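Note sheet for the following structure.
The values are calculated or read from the model by the stated rules, or taken from the named source; none is laboratory data. What you are looking at is a predicted structure, and each value in this text was computed from that prediction instead of being measured. A quick note on method: Cβ atoms are made from the backbone with ideal geometry, for glycine too, and the neighbour counts reach across all protein chains shown. Keep in mind that these areas ignore ligands, DNA and RNA; they rest on the heavy atoms of the full protein, side chains included. Shrake-Rupley method; radii C 1.70, N 1.55, O 1.52, S 1.80 Å.
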Amino acid sequence: MEIRIDLAPKELRKAPELKSPPFGKIFTPHMFIMKYEEDQGWYSPEIKPFSEIKLHPAAIVLHYAQTVFEGLKVYWGIDGRIRLFRVWDHINRLNRSAERMCIPTLNSELVFEAIKTLVLIDKDWIPKEKGSALYLRPFIFATEGTLGLKVSREYLFLIIASPVGAYYKEGFDPVKIYVTEDYIRACPGGPGDVKTGGNYAASLKAQAIAQNKGYTQVLWLDAIERKYVEEVGSMNIFFYLEEELVTPMLTGSILPGITRDSVLKLAPLLGVPAKERKITIEEVIEGIERKTLKECFGTGTAAVITPVGKIFYKGRDYIINREETGKITRLFFEYITGIQYGEKEDPFKWTTLLED
Ligand code: COI
């Protein structure tokens with residue numbers, strides 16, 4: 001399918017100065033949009049000026065949240081070349097999320113073409129400063145106007161792009177996290193292992209409570225026993241415990257994060273033993289008390305790697321590594337961002353270079 005291109009007026013295409021742009025508030029002048037109708041399949045792919053969209057007030061997404069999304073980044077390399085990080089993994093996960101939410105899947109090649117065309121049209125909006133990137137947000141949602149609860153017969157697929165700096169105001173300084181025992185993020189059999197809006201909406205209440213108490217994010221425990229660590233905020237979590245990097249194994253209620261996978265794959269190359277297994281919160285607390293748990297960090301596309309310096313659990317704060325960013329955390333942050341900005345060798349060929 002040919003992507004139709006309708007460019008925005010020249011005066012709207014000029015990029016502003018992009019120094020540490022706030023996360024997700026500025027958008028490039030163009031977006032990709034494609035429609036779906038049951039009897040036609042996906043049709044009419046188009047890049048057009050960024051604009052609002054018209055929706056039927058009974059659109060299924062507004063009432064029953066039939067929607068999925070991705071988040072991936074484009075980097076301006078130190079060699080002046082444009083790099084996408086693990087783009088095919090993001091496209092595959094988008095389709096896996098769609099499949100879980102009864103949304104028609106997309107042709108991966110077309111999604112790649114859409115990403116590439118959009119990025120090259122708006123390439124002046126890719127921030128050049130290290131630590132910044134162009135964040136792409138592909139998303140699909142159900143547009144059929146009906147209040148009946150059913151699988152929609154109509155959808156829209158869009159890709160919007162936003163120049164971004166650090167996700168947390170702390171930047172690369174350790175964040176404080178709050179272990180909630182009252183709320184859960186996801187449960188076995190639920191959609192916790194895919195990127196659908198409802199998972200994020202469901203996390204807001206506990207997140208608000210944590211923030212009111214002065215913490216940055218929530219640490220989520222498993223739904224059944226409230227015993228096993230699952231995720232931190234909207235990120236996966238790693239602990240450096242007894243000289244080994246451990247992260248909760250994917251049990252079905254944890255998102256298979258792409259940065260998580262990058263850390264696990266790089267670990268043997270960086271000489272750090274790493275393992276996926278079940279981890280109890282008691283084990284984490286004990287590790288902090290005995291000083292065998294030396295570091296903790298979250299991983300996600302938006303924040304890349306975020307060190308954790310403090311954990312609140314059962315009425316007490318536990319401090320990790322004197323609330324300083326640790327060696328192992330820094331090693332993975334430097335290596336992954338090094339690949340992303342083209343400074344370090346890319347042993348798994350994760351980056352895709354985009355050229356005009
Ligand atoms: C990401 O890390 O890209 C996410 O999807 C999290 C989002 C809440 C910004």
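List of remarks:
- R290, R100, R83, reordered so the largest accessible area comes first (probe 1.4 Å): R290, R100, R83
- Once the mean of 1/r is taken over each pair of separate Cα atoms and inverted, the range 273-356 shows a Kirkwood hydrodynamic radius of 15.0 Å.
- Out of every Cα-Cα pair that the chain contains, those further apart than 38 angstrom amount to 18 percent.
- When only the Cβ of Lys, Arg, Asp and Glu is charged (+1, +1, -1, -1), the dipole of the range 175-340 relative to its Cα centre reaches about 280 debye.
- Over the chain, Cα pairs under 8 Å with separation of 6+ residues give a relative contact order of 19 percent.
- Relative contact order for the range 167-300, counting Cα pairs under 8 Å that sit 6 or more residues apart, in percent: 26 percent
- Rounded to the nearest 20 debye, the dipole magnitude of the chain is 560 debye, with +1 charges on Lys and Arg beta carbons, -1 on Asp and Glu beta carbons, and the Cα centre as origin.
- R0 of 30 Å, Cβ-Cβ distance E242-E343: FRET efficiency to nearest 0.05: 0.45
- A quarter of the convex hull surface defined by the alpha-carbon atoms of the range 87-155 gives 6.2 nm² as the mean projection.
- Counting all C-alpha pairs of the range 175-340, share separated by more than 27 Å (%): 17 percent
- Against the criterion of solvent-accessible heavy-atom surface with a 1.4 angstrom probe, R277, R260, R96 sort, most first, into R96, R277, R260.
- Taking the centroid of alpha carbons for each part, the range 63-89 and the range 183-202 are 21 Å apart.
- Relative to the Cα centre, the charge distribution of the range 4-164, modelled as +1 at Lys and Arg Cβ and -1 at Asp and Glu Cβ, gives a dipole magnitude of about 580 debye.
- The range 142-269: C-alpha gyration tensor shape, a/c 1.5 cut-off, then a/b vs b/c: prolate
- Spin-label pair D124/K213, simplified geometry with 7 Å Cα→Cβ offset, distance in nm: 4.9 nm
- Over the range 4-164, relative contact order from alpha-carbon pairs under 8 Å, at least 6 apart, %: 36 percent
- Counting protein heavy atoms only, the range 4-164 has 53 percent of its accessible area on carbon and sulfur, 1.4 angstrom probe.
- The chain - accessible surface per residue (Å², probe 1.4 Å): 45 Å²
- Max mean-square fluctuation residue, GNM over the chain, Cα-Cα springs under 10 Å, options E230, E345, E244: E345
- Ratio Rg/Rh, restricted to the range 4-164 and using Cα atoms, in which Rh is the Kirkwood radius: 0.99
- Estimated [θ] at 222 nm from DSSP helical runs (n ≥ 4, -39500 (n - 2.57)) normalised by residues in the chain, nearest 500: -7500 deg cm²/dmol
- Cα shape, the range 231-301, gyration tensor, a/c 1.5 rule: oblate
- Net +/- balance of residues flanking P248 in space, Cβ distance below 11 Å, scoring K and R +1, D and E -1: 0
- Stretching the chain fully between Y200 and K265 yields a gain of 20.7 nm (0.36 nm per residue, less the alpha carbon separation).
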